[in-house]
Amino acid sequence: AYAHRMIDHDNGTGLIDALDRLSAVYQARVSPFLAASVNHEASEGMQGQTVALSSYLQLGDADFSAAGTDRLLDLCLTRTAVTADGLSKIEPQQNLRWLDLSFLPVDNKEVLRLCVSASSLEQLSLEATRVDDSIRQWLSQAERLRELDLSSTAIGDATIVALPETLPIETLWLTGSKITDASIDRIIAMKSLQRVDFQRTGVSGIGLNRLIASRPDLQINPLE
């Protein structure tokens, strides 16, 4: 309520003051909102603010606190500056539901150490990480996955084929991965699957047409 009062006063012009105060709280060396307070060209001003915000609120290994518990349920570190050194401060987790390490420089070793078993995972995002098909045995333990993102990885057909037949998966992102037509039959068999994207992969036009004919209900390549 107090935040709204500060922001909304004087027909909403308090927004810049509120953001400038927030910047001070986070000890930004240069206020990212200074220019916007004298220049109200919103499109250019807000773009500059967004860049500044992302730079001083970035999370890296140096300011990453150790998590001395194995009871985390959700862990989302996508696009942070955290590396394997930072992840090593987190105890191996037993019951993760959501794990997102997208765009981090981590490989199979870090993922398997951090998440002891894939059986509890409901959402897993490893886009643009260094994982490969060696992760397939761990991923074959998944029982609850509803969304899986392996885009821009070295993951191939061996991992997709290893996924449990009873997996309740709804969304599968494989864009830019190493899969081929050998994964099509397995994808067809995923009865709960609603959308799949495999652009920039080895899937041929023949494989695509076979999938369309077998699963007309699927939303295919929604990112196209």
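The values are calculated or read from the model by the stated rules, or taken from the named source; none is laboratory data. Note that the structure is a prediction, hence the values are computed from the model and not measured. Quick reminder, even Gly has a Cβ in these numbers, built from the backbone with ideal geometry, and neighbours come from all protein chains shown. For accessibility, only protein heavy atoms count, side chains too; no ligands or nucleic acids. Shrake-Rupley method; radii C 1.70, N 1.55, O 1.52, S 1.80 Å.
Can L73 be described as in contact with a Pro (Cβ under 9 Å, 6 or more places away or on another chain) and either modelled with pLDDT of 60 or more or farther than 25 Å from L124 by Cα (or both)?
no
Just checking, does the stretch 121-133 include any residue being part of a helix (DSSP H, G or I) and closer than 20 Å to K178 by Cβ?
yes
Evaluate the following for V203: is it touching a residue at least 24 places away in the same chain (Cβ under 8 Å), crowded, with 21+ Cβ neighbours inside 10 Å and in contact with a helix residue (DSSP H, G or I) (Cβ under 9 Å, 6 or more places away or on another chain)?
yes
Which members of the stretch 206-220 meet the condition of being open to solvent by less than 20 Å² (accessible area, probe 1.4 Å) and within 24 Å of A154 (Cα to Cα)?
Once the filter is applied, which keeps residues that are open to solvent by less than 20 Å² (accessible area, probe 1.4 Å) and within 24 Å of A154 (Cα to Cα), the stretch 206-220 yields G207, L211.
So the check is Cβ under 6 Å with 6+ separation or different chains; which pairs have a first residue in the stretch 1-13 that's without any contact (Cβ under 8 Å) to a residue 12 or more places away in the chain and a second one that's part of a helix (DSSP H, G or I)?
Matching pairs, first to second residue: I7/G14; I7/L15; I7/A18.
Considering the stretch 176-192 alone, what residues qualify as being open to solvent by less than 10 Å² (accessible area, probe 1.4 Å) and under 19 Å from the mean Cα position of the chain (by Cα)?
Correct list: S177 only.
Given the options L121, L145, L150, name the one that is open to solvent by less than 10 Å² (accessible area, probe 1.4 Å), in contact (Cβ under 8 Å) with a residue 24 or more places away in the chain and touching a Cys at 6+ places or on another chain (Cβ under 8 Å).
L121
Return the residues of the stretch 159-182 that are over 23 Å from D100 (Cβ atoms) and at pLDDT 95 or above; say none if nothing qualifies.
V161, T180, D181, A182
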